[in-house]
Amino acid sequence: MKLTTKRQMVYDTLKRAKKPQSADDIYNALGGEKLNLSTIYRTLEIFHQDALVSRNYLDNTAYYYLNEAEHHHFMVCENCHKKYEFDCHIDSLIEEIKITYGFEVQHHDLNLYGICKNCQE
């Protein structure tokens, strides 16, 4: 993959982000005029195909984040729609799947949906 100036802009935006970003988030972070939205979507798809980023769907929106050693999953409150990040602890399950089924997991996503503590009160 050739890292063009436009792709570099998207990559740099993801790198600066403290949380996963949607295409709209990236568009807004870039001021909305430097790149058109379709270019951002195409770039994110290329990054995903090349395993540079991971994609996670929350509330029917794709969010992207750079692939790093550590990744996270999300709990989403169905009442207030707040998202809470939590660490991934399924390494032993992935290893068990590999041993039992001979299946090599390349990537996984996990979102939990429910009602947060604040909304329960």
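The values are calculated or read from the model by the stated rules, or taken from the named source; none is laboratory data. Bear in mind that the values here come from a model prediction, so they are computed numbers and not experimental data. Reconstructed Cβ throughout: ideal geometry from the backbone, glycine too, with neighbour counts over all protein chains shown.
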- prompt: Do we have any residue at all in the stretch 44-63 that's closer than 30 Å to CYS119 by Cα, in a loop (DSSP other than H, G, I, E, B), outside the structural domain of GLY114 (by TED's automatic domain parsing) and in contact with a His (Cβ under 7 Å, 6 or more places away or on another chain)?
  reply: yes
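In the stretch 5-46, which residues are closer than 20 Å to HIS73 by Cβ and not charged (D, E, K, R)? Don't jump to the end; show me each part of the working.
Kept after step one, since they are closer than 20 Å to HIS73 by Cβ, are these residues of the stretch 5-46: 14, 17-22, 25, 44.
Passing the criteria: LEU14, ALA17, PRO20, GLN21, SER22, LEU44.
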It is to be established whether one or more residues within the stretch 51-59 are within 19 Å of THR13 (Cα to Cα) and small (Gly, Ala, Ser).
yes
Selection from the stretch 49-71 of residues exposed (fewer than 14 other Cβ atoms within 10 Å of the Cβ), modelled with pLDDT under 80 and of a type outside the set (Asp, Glu) yields ALA69
request  = Answer yes or no as to whether VAL76 is over 15 Å from the mean Cα position of the chain (by Cα) and either assigned to a strand (DSSP E or B) or not small (Gly, Ala, Ser) (or both).
outcome  = no
If we ask which residues in the stretch 39-83 are in contact with a Leu (Cβ under 9 Å, 6 or more places away or on another chain) and hydroxyl-bearing (Ser, Thr, Tyr), their number turns out to be 4
- Task: Would you check if LEU93 is surrounded by fewer than 14 Cβ atoms within 10 Å (Cβ to Cβ), of a type in the set (A, V, I, L, M) and not assigned by TED's automatic domain parsing to the domain that holds ASP109?
- Result: no
When every residue in the stretch 1-40 that is in a loop (DSSP other than H, G, I, E, B) and touching a residue at least 12 places away in the same chain (Cβ under 8 Å) is compared, the one nearest to the chain's Cα centre (by Cα) is PRO20
Looking across the stretch 18-34 at residues that are at pLDDT below 90 and either buried (at least 16 other Cβ atoms within 10 Å of the Cβ) or in contact with a Phe, Trp or Tyr (Cβ under 8 Å, 6 or more places away or on another chain) (or both), the single one that is nearest to ASP59 (Cα to Cα) is PRO20
